Amino acid sequence: MIQNEIDQIQINITKPECEYYDVMGGSHRHEVKVHDHGSVALVDCMPRLAPVGQTADFSIVQAARVSYGAGTKKVSEDKGLIRYLFRHQHTSPFEMVEFKFHCVMPVFIARQWIRHRTANVNEYSARYSVMPDKFYHPKVEDVRKQSASNRQGGEEQLETKTAEEFLAYLDQVESSYKTYNELLDKGLSRELGRIGLPVSVYTEWYWKIDLHNLFHFLKLRMDSHSQKEIRDYANTIFALIRKIVPVACEAFMDYSYESIKLTRLEIEAIQTGKPLNTTNKRETDEWEQKRKLLNIPAPVVPQTNTTTTPPTESK
Ligand SMILES: Cc1cc2nc3c(=O)[nH]c(=O)nc-3n(C[C@H](O)[C@H](O)[C@H](O)COP(=O)(O)OP(=O)(O)OC[C@H]3O[C@@H](n4cnc5c(N)ncnc54)[C@H](O)[C@@H]3O)c2cc1C
């Protein structure tokens, strides 16, 4: 019965008013290698077709015009509209663009990545399949020293001798793969066998996300506070999408990634020329960084007089 009703529904297929092209150039995979065994491949996107002479950015404008009404159709004004939407955080039009990636990365990076809950994910299952014999093994020049200023990070290169010791330790850990394989051959379940493997082992997933949430991910993971290894993946993703939505990506750089947020206390410090009105050291340090970047002169702190002048005797 319901089948009949559905069969009666008439679908009108409209011919496009202008010529459209495939924004991925007819390819099903735009791939970039990352590190030793990793990669990011853009495998699909929405919109996949764009009017000739425009980029997939057109889809953001199309969605925005539903709320703003039909405006002028000039590309330059479309750019202005996208930049306005970004500046004023009118985010929903950016959700109309979507990207699907196939990503191959070590488990320790996947753990950071998966914290971004607004994507759709399908990961390789180590319960169904044998984990590959692939491990993230940095080059000696990529082994970093623990940062003194950032407890979560490493910045400078570690001296060669200790770096080599670390790499020898990784060799030893990776050799456990042989035992993993032997035990699977003896009948151990894959779901338990995997638990002895290190977090440097590679996994992979399909990851689909809309542009608004992708920009949120990129803002956090392209940032210098993020671990270098995930930053390399985030930078790669940005390079892949910039070709598809260049106008939105430029707005992201201008108004998000390379912008600075000022707090009320910081605005007050600029207006009054006084030091930041707080005793919190971290907040003061953050303000110092911004002040230097913005070339704002240091406040003149009144000198406290430490030399005691003897009181003049009254005559
Ligand atoms: C440099 C760095 C260091 C970090 N260190 C740590 C750490 O030490 N320990 C740790 O546990 N995590 C750490 N994280 C992870 C961090 O706390 C976030 O979990 C992660 O960055 C994802 O951010 P998000 O929740 O904003 O993103 P998404 O999950 O992508 O969400 C995007 C936005 O959607 C909204 N949203 C999504 N889901 C919900 C929800 N359920 N409820 C309400 N709002 C929602 C929020 O506004 C959120 O900002 C770190 C992240 C970075 C970048």
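The values are calculated or read from the model by the stated rules, or taken from the named source; none is laboratory data. This is a predicted model, so every value here is computed, not measured. Every residue, glycine among them, receives a Cβ derived from its backbone with ideal geometry; neighbour counts consider all protein chains shown.
Annotations
- Tally of residues being in a strand (DSSP E or B) and within 18 Å of Tyr180 (Cα to Cα) across the stretch 120-151: 1
- The set of residues in the stretch 201-223 being of a type in the set (Phe, Trp, Tyr) and more than 9 Å from the ligand (Cβ to nearest atom) consists of Tyr202, Trp205, Tyr206, Trp207, Phe215.
- Test: residue in the stretch 229-249 that is surrounded by fewer than 19 Cβ atoms within 10 Å (Cβ to Cβ), free of Cβ contacts under 8 Å to residues at least 12 places away in the same chain and touching a Lys or Arg at 6+ places or on another chain (Cβ under 9 Å): yes
- Residue match in the stretch 246-254 (condition: under 30 Å from Val301 (Cβ atoms) and in contact with a Leu (Cβ under 7 Å, 6 or more places away or on another chain)): no
- Test: Arg117 is within 16 Å of the ligand (Cβ to nearest atom), out of contact with any helix residue (DSSP H, G or I) (no Cβ under 6 Å at 6 or more places or on another chain), in a loop (DSSP other than H, G, I, E, B) and not polar (S, T, N, Q): yes
Per-residue answers, yes or no, for (1) at pLDDT below 90; (2) surrounded by fewer than 13 Cβ atoms within 10 Å (Cβ to Cβ); (3) of a type in the set (A, V, I, L, M):
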| position | (1), (2), (3) |
| --- | --- |
| Glu123 | no, no, no |
| Tyr128 | yes, yes, no |
| Met131 | no, no, yes |
| Asp142 | no, no, no |
| Ser147 | yes, yes, no |
| Gln152 | yes, yes, no |
| Glu159 | no, yes, no |
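- Breaking point among (1) more than 15 Å from the ligand (Cβ to nearest atom); (2) of a type in the set (Gly, Ala, Ser); (3) not in a helix (DSSP H, G or I), for Ala239: (3)
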